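Q: The following block contains the structure, expressed as structure tokens.
The values are calculated or read from the model by the stated rules, or taken from the named source; none is laboratory data. Predicted model, so just to flag it, every value in this text is computed and none were measured. Neighbour counts run over all protein chains shown; Cβ positions are idealised from the backbone, glycine included. All accessible areas refer to the heavy atoms of the entire protein, side chains included, with ligands and DNA or RNA removed. Shrake-Rupley method; radii C 1.70, N 1.55, O 1.52, S 1.80 Å.
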Amino acid sequence: MKYIYQNPNWPCFYWNNDSILPILLKIKQLQGEIIGKMKMVDFASQNQAMLTSVTQTILTSSEIEGEKLNLEQVRSSISRKLGLDTAGDINIPRDIDGIVEATLDAMKNYFCYFGE
């Protein structure tokens, strides 16, 4: 099984809080460590890490939905929307631009919906 929706009990599945809570706490700790380390690197490196992370998120999310997106088009769209230098003038389809825009909006406004 690769994706959660492939679970035979989807969407009615259950988990054991006692077994999952330590894992989630460890993830939260590691997330804090990454954030701390990112604050110590230069702005260009932070932008590169953000670009790589968002690109991977979009490609993986689309793959779950059964769509294989072009890496360079996604990366270029993200770069443009974040105001980063782009390598070359790549033609970006509207659907990819829309996916990138929606993802960046969700990331930017996450705390508006779910708090900190």
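Q: Would you mind working out the accessible area per residue for the stretch 1-65, using a 1.4 Å probe, and quoting it in Å²?
A: 84
Q: Another question, if that's okay. Just to be sure I understand: with springs between alpha-carbon atoms less than 10 Å apart, which residue in I64, I78, I34 has the highest mean-square fluctuation in the Gaussian network model of the chain?
A: Per the Cα network of the chain with a 10 Å cutoff, I34 tops the list.
Q: Rounded to two decimals, what ratio of Rg to Rh does the chain give with C-alpha atoms and a Kirkwood Rh?
A: 1.02
Q: How would L21, L59 rank on accessible area, largest to smallest, probe 1.4 Å? Intermediate results must be reported in sequence, preceding the final value.
A: On the way: L21 95, L59 30 Å².
Per-residue accessible area, sorted high to low, gives L21, L59.
Q: Sticking with this structure for a sec: Whenever you get a sec, line up V54, V41 from highest to lowest accessible area (probe 1.4 Å, protein heavy atoms).
A: The residues order as V41, V54, largest area first.
Q: Can you give the accessible area of E72 in Å² (nearest 10), computed on protein heavy atoms with a 1.4 Å probe?
A: Accessible surface of E72 is approximately 100 Å².
Q: Can I ask one more? Of all accessible surface on the chain at a 1.4 Å probe, what whole percent is carbon and sulfur?
A: The C+S portion of the solvent-accessible surface of the chain is 58 percent.
Q: Among S19, S45, S61, which one shows the biggest mean-square fluctuation in a GNM of the chain, springs joining Cα atoms closer than 10 Å?
A: Residue with maximal mean-square fluctuation among S19, S45, S61: S19.
Q: Separate question: What are the principal axis extents of the Cα atoms in the stretch 1-54, in Å, biggest first?
A: 46, 24, 14
Q: What FRET efficiency comes out for the pair V41/A106, r = Cβ-Cβ distance, R0 = 25 Å, nearest 0.05?
A: 0.50
Q: Just to confirm my numbers, what's the Cα centroid distance between the stretch 66-108 and the stretch 1-33 in Å?
A: 29
Q: While we're here: May I ask for log10 I(q)/I(0) of the stretch 33-95 at q = 0.22, 0.27 Å⁻¹, from a Debye sum over the Cα atoms as equal point scatterers with solvent left out?
A: Those come out to -0.92, -1.15, one per q.
Q: Among the trypsin sites (Lys or Arg not before Pro) within the stretch 1-100, which fall in a DSSP loop and have no more than 15 other Cβ atoms within 10 Å of their own Cβ?
A: K2, K39, K68
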